Structures are given as C-alpha cells and as structure tokens.
Amino acid sequence: MTDDRMHLNLFTMNAVEHVTAGNWRTAGDQSHRYTDTEYWEEVARLAERGGFEAVFFADVRGVYDVYGDSRDTAIEKAVQTPANDPELVVPAMASVTDHLGFAVTRSTTYVHPYQLARELSTLDHLTDGRLAFNVVTSYLESAAENLGLDERMDREERYDRADEFLDVCYALWEDSWEDDAVVRDADAGVYTDPEKVHAVDFEGERFSVPGPHSCEPSPQRTPVLFQAGSSDRGREFAARNAEALFVSQPTEEGVRSYVDDLRDRAEDAGRDPDDLRFFPGIAPVVGETEAVAQAKYDRYRKNVDTEATLALLGGFMDLDFSELDPDQRVEHIETDAIQGAVNALTKHVPERDWTVREVAKFCGLGSTSPVVVGSPEQVADELQHWFEDVGVDGFNVKEIVRPGTLRDFVDLVVPELRERDLLREEYEDGTLRERMFGRRRPPEGHPAKRE
Ligand SMILES: Cc1cc2nc3c(=O)[nH]c(=O)nc-3n(C[C@H](O)[C@H](O)[C@H](O)COP(=O)(O)O)c2cc1C
C-alpha cells in the first residue's frame, strides 16, 4: 500500500464471459449486451459513480481449443468467445465519463509497434489522458495461427520481442515530438514546427522504425503500463516496464510472495520498488446481509459450468483437462502459455493438494482469484485487511454476473469503503497517471523516463 486510499479496477472483457464460466445463465444477467454501446456506457457511468480508477479490458485473439483438442466446448459455452475488440468501445465510454480510466490489453506478439503506438496515442488523446496499456505477449496457440504464425513463439522470444517493442513505443511516444512542436500559427501558415519533430531512427534486432511518430503528444505520452506476467521471464519484463501489476494468486501467501519478488526485481532493474502498484483480483459476492450474499453465492455456484471452466483453464495452462480423471491431482507443469496460472494453482497453495475437480470448483467463479462473500461490512473488512496488512494498492474486481456484480459492489461496498475513508469521495483532477501515481510521466529508472 503506497497510498492512503485504495484504487479499484473493473476487470472485464468485451465478450459474453471473461473468467467466470456459466453465469451468463443467471436470471437477470446481461452479458449478452456486450455488443451494445449503451451497455458499455452504463458500465462506465456505474464504475465512475463507484470511484473506480479504471475499467480494464482483457483480450485474446484466438479460441480456447485445448480442451478435448476442440473448440466446440468454448464456442458452445461462450468461453471468451464470442469476443469483440476492446479498444473500440473506449471512446463511447470516455464520452459519458470525466475521470474513469481505461486499461486496454494489447499483445506485443502479433502487431507492429509503430501501428500500436499510434492507436494508443489516439486513444490517449480521445480520453484526455485516461489510457492504460496492459502489455501481454499472448498465450493461445490458436491466436498465433490466426495471426500468421505456424506456432506460438516460445516465451523467451515473446518477451524479448516485447522488450524491444516497448522500446520502439517509448521512442515514438517520448522522443519524437517536442511539447511545443505544434504552433498553429495561422498568419505564418505553420501548423507544426518541423525542427521540433524528430526521427527516432530505432534500429533493433526485430524492428527498424525511422519515425517520426505520426501523433502529436497526447496528454500522458506513454500510457500507464499494466502487466500481469508471472513466469520468471514475465516478472523480469514486468520489473523493467510495468507501473501497475495484476496479481492473480488465490492466497494471501501467494500475493505476498509475488509482491516481494517483483519489488526486489524492480530494485535490481534500477527502479524504486515503491513505484510499482499491485492489484490482486477478487470476485465479490455481496448482499445487504450475510444471508442474502450467501444465497446469491449459492445461486452463482449452481450456474458454474465445470466443462467450460476446464476449457478456460486448459487455454491458460495449455493442458487438456478432458484427458485427466476428475480426482487426479493437478501436477505442476512448465508451460509456454500462462505459467502464472499453473503456479497459482500448484505452487503457492502447498497446503491444497488440488484435484481437477477441486481446481474446477475453485476457479468456476473468478478463475484463480479468491471469491469474497458477505455483507458490505464483511467484504469491506476483507479488502481493508488486504490493503492494510498484505500491502496491496487496490483490487481488480472480477465480475460473476453483469452488470450485477459491479452494481452490488458500487451500491453496497463502495459506501462502506468511503465511510472508512478507504476510497475517494471525488476524483482528483488530472490524467490517469497523475491520479494513480501523483506524477505526469514515468518515474526515474523507468525505460520511458526522459531527461
Ligand atoms: C490477471 C491476468 C490477466 C491477464 N490478462 C490477459 C489478457 O487479457 N490477454 C492475454 O493475452 N494475456 C493475459 N494474461 C497473460 C499474461 O499477461 C502473459 O502474457 C502470460 O501470463 C504469459 O506470461 P507468463 O507465463 O509470464 O505469465 C493475463 C495474466 C494474468 C495473470
């Protein structure tokens, strides 16, 4: 915890279901409205009413086809398919809000950095500096095939490419246009002073980009950088580049060990460890009373689709759960998909020798993050404990039903957190980075830092 108040992100996806499998069937769930602009506008207004820092959009570019070596389960049960593009709903959401941030997931594996730097600068302009970029390297083999490769690149190569990719973006965002390059001098007929727009002349192993950047400086230049890599190489990458980290660990020990490790690595990379912000995921189930919350939880639990959960986890881990006996223990494996998902279920929970059945049950609501069930006071107690005692900076609120999980949280838990002075009553002015970190630019020691 590096601030007096916690920061909240809504963890969602421009799809029917994200990390909960089967609850689109719950009465009143509106997940199918993900195709409507009005739905996303409602979500944005609701999140801003609740003082959220940002809406975070996950994204994948392939189908979950590891389970049973087939895409059928994923398609039949809406496992992150169908899914629309996350970036394109951001301007609509920004236009109905004033302060809420938007964290979009984009992969560095399949696009060119010049192209992505331009898209993200555009969004930073259109949101008045409320953009964050969740940097991922992608894990689905099916995405690699869709995007022109014969097979998924191995992890080392993905992260090496991601490091170089970001260096190109930093050069375009930070070095190309001087702050006062645009002069708009109508009398002289000069829009931009060419002396103040520079080539970047980036020459790397994978990318050669002369520049200049095509966009004039956006409010943040470099968007706030989120990351969730959790393998050894992923952590090294995060320690160098991330400003905020999504932590996906089912236990307090897992979160503590991740936070300590990342802070140590950031220090080794020449950064101030306190410059990093940590956001574990939680799936809240809240009701006016404990009994109401428990009844909701029971209902949600009944709607969990086990096969769909295993199809989702199978994609995360690149492991075909259909071949395993439900009572078989889930062994630790090394994977080229999300190593962190494997570790979360097999390494940081030594006291839980989980079987396939138990893993499916645990992950059915909110994947590898804990579910917090209770009255507003009970849920707030739990969040306060994590914030004050475990030392996290806030939470990634995962949805079980939509927009019900968010609405319950905003109507019931947010007032309780505000009462305890743990959450802002009103937004501070400024860009997303200014609100989250109290600074305009990436800090000392960060590779995007200039001067
Ligand atoms: C909480 C969390 C959220 C993630 N969200 C996405 C996502 O939306 N899209 C994606 O392609 N990868 C996502 N990932 C995957 C990673 O960012 C990373 O690319 C992947 O974990 C492989 O690296 P690793 O083995 O170092 O974890 C997520 C991982 C975690 C832990």
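In this Cβ point-charge picture (+1 for Lys and Arg, -1 for Asp and Glu), the stretch 1-101 has a dipole of about 200 debye about its Cα centre. Over the chain, dividing the summed -39,500 (n - 2.57) contributions of all DSSP H runs of at least 4 residues by the number of residues returns a 222 nm mean residue ellipticity of -10000 deg cm²/dmol. Placing +1 on each Lys and Arg Cβ and -1 on each Asp and Glu Cβ, with no other charges, gives the stretch 88-186 a dipole about its Cα centre of roughly 460 debye. Our estimate of slack between Asp3 and Glu377, defined as 0.36 nm per intervening residue step minus the Cα-Cα distance, is 132.5 nm. Taking amide H atoms as placed 1.01 Å from N in the peptide plane, the amide H of Gly101 lies under 5 Å from those of Ala54, Val55, each 5 or more residues away in sequence or on another chain. Of the chymotrypsin sites (Phe, Trp or Tyr not before Pro) found in the stretch 273-347, not one falls in a DSSP loop while having at most 16 other beta-carbon atoms within 10 Å.
Based on Cα contacts under 8 Å between residues 6+ apart, the chain shows a relative contact order of 23 percent. The simple spin-label model puts a point 7 Å past each Cα toward its Cβ; for Glu252 and Asp179 those points are separated by 4.5 nm. Hull volume per residue, based on the alpha-carbon atoms of the chain and their convex hull, is 140 Å³.
Diffusion coefficient (Stokes-Einstein, Kirkwood radius over C-alpha pairs, 20 °C, 1.002 mPa s) for the stretch 169-278: 129 µm²/s, rounded to a whole number.
Packing order of peptides 389-397, 21-29, highest average first: 389-397, 21-29 (average count of other Cβ atoms within 10 Å over each peptide's residues).
Is the stretch 331-451 rounded, prolate or oblate when judged by the Cα gyration tensor, a ≥ b ≥ c being the square roots of its eigenvalues, rounded requiring a/c under 1.5 and prolate requiring a/b larger than b/c? The shape class here is oblate. On a per residue basis, the stretch 190-303 carries 41 Å² of accessible surface, using protein heavy atoms and a 1.4 Å probe. Loop-resident GluC sites (Glu not before Pro) (DSSP state other than H, G, I, E or B) in the stretch 286-389 with no more than 10 further Cβ atoms inside 10 Å of their Cβ: Glu331, Glu334, Glu351. Accessible surface of Glu48, taken over heavy atoms with a 1.4 Å probe and every protein chain present, rounds to 30 Å².
If you wrap the Cα atoms of the stretch 95-231 in a convex hull and average its projected area over all directions, you get 10.3 nm². Between rounded, prolate and oblate, where does the stretch 6-126 land on the alpha carbon gyration tensor, with a ≥ b ≥ c its root eigenvalues, rounded for a/c under 1.5, else prolate if a/b exceeds b/c? It comes out oblate by the Cα gyration axes. In this rough spin-label picture, where each label sits 7 Å from Cα along the Cβ direction, the Glu145-Asp264 distance is 4.0 nm.
For Arg25 and Arg45, what is the calculated FRET efficiency with R₀ set at 41 Å and r taken between the beta-carbons, to the nearest 0.05? FRET efficiency, Arg25 to Arg45: 0.95. When both the stretch 416-450 and the stretch 318-339 are represented by their alpha-carbon centers, they are found 39 Å apart. With the simple spin-label model, which puts each label point 7 Å out from Cα in the Cβ direction, the Glu38 to Asp429 separation comes to 3.6 nm. Can you pull the percent of the stretch 34-193's accessible area that's carbon plus sulfur, 1.4 Å probe, other chains left in place? Here it works out to 43 percent. Taking the dipole about the Cα centre of the chain, with the C-beta of Lys and Arg at +1 and of Asp and Glu at -1, give me whichever of Ala291, Leu10, Val96 is farthest to the positive side. Result: Ala291.
Remark: the His198-His385 segment gains 62.4 nm on full extension, using 0.36 nm per residue and subtracting the alpha carbon distance. For the stretch 23-158, the per residue solvent-accessible surface stands at 40 Å², with DNA, RNA and ligands left out and a 1.4 Å probe. Taking the Cα of Ile75, stepping 7 Å toward and past its beta carbon, and measuring to each backbone N in the stretch 297-330: which are under 17 Å? Answer for this model: 308, 311-312.
The stretch 1-71 and the stretch 242-304 have their alpha-carbon centroids 16 Å apart.
Annotation: extensible slack from Leu126 through His332 equals 69.7 nm (criterion: 0.36 nm per residue apart, minus Cα-Cα distance). Suppose every K and R has +1 on its Cβ and every D and E has -1 on its Cβ; what is the size of the dipole of the stretch 217-357 about the Cα centre, in Debye to the nearest 20? Using only the charged Cβ atoms, the result is roughly 520 debye.
The values are calculated or read from the model by the stated rules, or taken from the named source; none is laboratory data. This is a predicted model, so every value here is computed, not measured. So basically every Cβ, Gly included, is an ideal-geometry build from the backbone, and we count neighbours across all protein chains shown. These accessible areas exclude ligands, DNA and RNA; they are computed on the full protein's heavy atoms, side chains included. Shrake-Rupley method; radii C 1.70, N 1.55, O 1.52, S 1.80 Å.
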